[in-house]
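Q: Take a look at this one; I'll ask things after.
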Amino acid sequence: QVQLVESGGGLVQAGGSLRLSCVASGSIGSINAMGWYRQARGKQRELVARVSSDGSTNYADSVKGRFTISRDNAKNTVILQMNSLKPEDTAVYYCHGLVVPSFSRVNRVYWGQGTQVTVSS
C-alpha cells in the first residue's frame, strides 16, 4: 500500500506563516501529482494547490500569491508554504497523491490523515 503522512499544522495568528509537509511511502511505482486540499467546518473539501510530475502547479484563487507548493521527487515529498495566513484559511488540510502503485499500472488516489491549521484573528 501507499501512505501519505502530513506534518506541520498548528495555530498561528493572522498574517503569520506555516509550512506543511507530506511524505509518501510504501509501494510506490510513480507519483503523477501531489497536492493539498482543505476542508473547513461545514464546507466541502476544496483544492488548495497541486503540483504535477513535470513541475507545473495550480492554485486556488484564494491562496494565489500567499501559498507556494513545491515538490522533491527524490524524497516523494510535497511542501506547502503558507504565508500571510487569514482566519478563513482555517481548516483541516489533507495531502493528496495521484500514485501508480508498484503492484498496479493504474493511477490511484491516496489521502493523508489530515492536519489542522487554525488562524486566529
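Q: Determine whether region 57-73 contains at least one residue that is surrounded by fewer than 18 Cβ atoms within 10 Å (Cβ to Cβ), touching a strand residue (DSSP E or B) at 6+ places or on another chain (Cβ under 9 Å) and modelled with pLDDT under 95.
A: The answer is yes, given that some residue of region 57-73 is surrounded by fewer than 18 Cβ atoms within 10 Å (Cβ to Cβ), touching a strand residue (DSSP E or B) at 6+ places or on another chain (Cβ under 9 Å) and modelled with pLDDT under 95.
Q: Here's a follow-up. Tally time: how many residues in region 89-108 are touching a Leu at 6+ places or on another chain (Cβ under 6 Å) and more than 14 Å from L20 (Cα to Cα)?
A: The number of residues fulfilling the criteria is 2.
Q: Here's another thing I want to ask about it. Assess whether V109 counts as being within 14 Å of the chain's Cα centre (by Cα), assigned to a strand (DSSP E or B) and exposed (fewer than 14 other Cβ atoms within 10 Å of the Cβ).
A: yes
Q: Search region 1-46 for residues being in a strand (DSSP E or B) and polar (S, T, N, Q), and hand back the single one that is least open to solvent (accessible area, probe 1.4 Å).
A: Only one residue tops the list, namely S21.
The values are calculated or read from the model by the stated rules, or taken from the named source; none is laboratory data. Worth saying up front: this structure is predicted, and the values here are computed from it rather than measured. A quick note on method: Cβ atoms are made from the backbone with ideal geometry, for glycine too, and the neighbour counts reach across all protein chains shown. Note: accessible area is taken over every heavy atom of the protein model, side chains too, but ligands, DNA and RNA are not part of it. Shrake-Rupley method; radii C 1.70, N 1.55, O 1.52, S 1.80 Å.
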